[in-house]
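Notes follow the structure.
The values are calculated or read from the model by the stated rules, or taken from the named source; none is laboratory data. These numbers were taken from a predicted model, which means no experiment stands behind them. Every residue, glycine among them, receives a Cβ derived from its backbone with ideal geometry; neighbour counts consider all protein chains shown.
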Amino acid sequence: MLNWRRDPGFELRKMQHELRMKQLESDILRVRSDSERSKERTKQIEKEIEQLRQENARLKTLNASVRQLCFPPESSSIPQTPTAADCKPS
């Protein structure tokens, strides 16, 4: 014959264990969801960065054109050194 005694805390520990398992499963799903959102946000940021780079390159080109049109080199406020009449071009 077996010497079996009922464990009075077994049912309580079993319920606590089951609740803990459900909480862990919920945490895992939340972390996965957060990770997916983070990946999506990272992709969005990378896309925006690329758009800004393209816009900056376009603006740089436009600024160079404006400078060339509005401030040609011959209109520079820095006086050019005069060349002597007897000097030959190099």
If the requirement is being part of a helix (DSSP H, G or I), among the basic types (Lys, Arg) and within 12 Å of the chain's Cα centre (by Cα), which of these qualifies: LYS47, LYS14? LYS47
Could you go through the stretch 20-39 and let me know if any residue there is in a helix (DSSP H, G or I), modelled with pLDDT under 90, hydroxyl-bearing (Ser, Thr, Tyr) and out of contact with any helix residue (DSSP H, G or I) (no Cβ under 7 Å at 6 or more places or on another chain). no
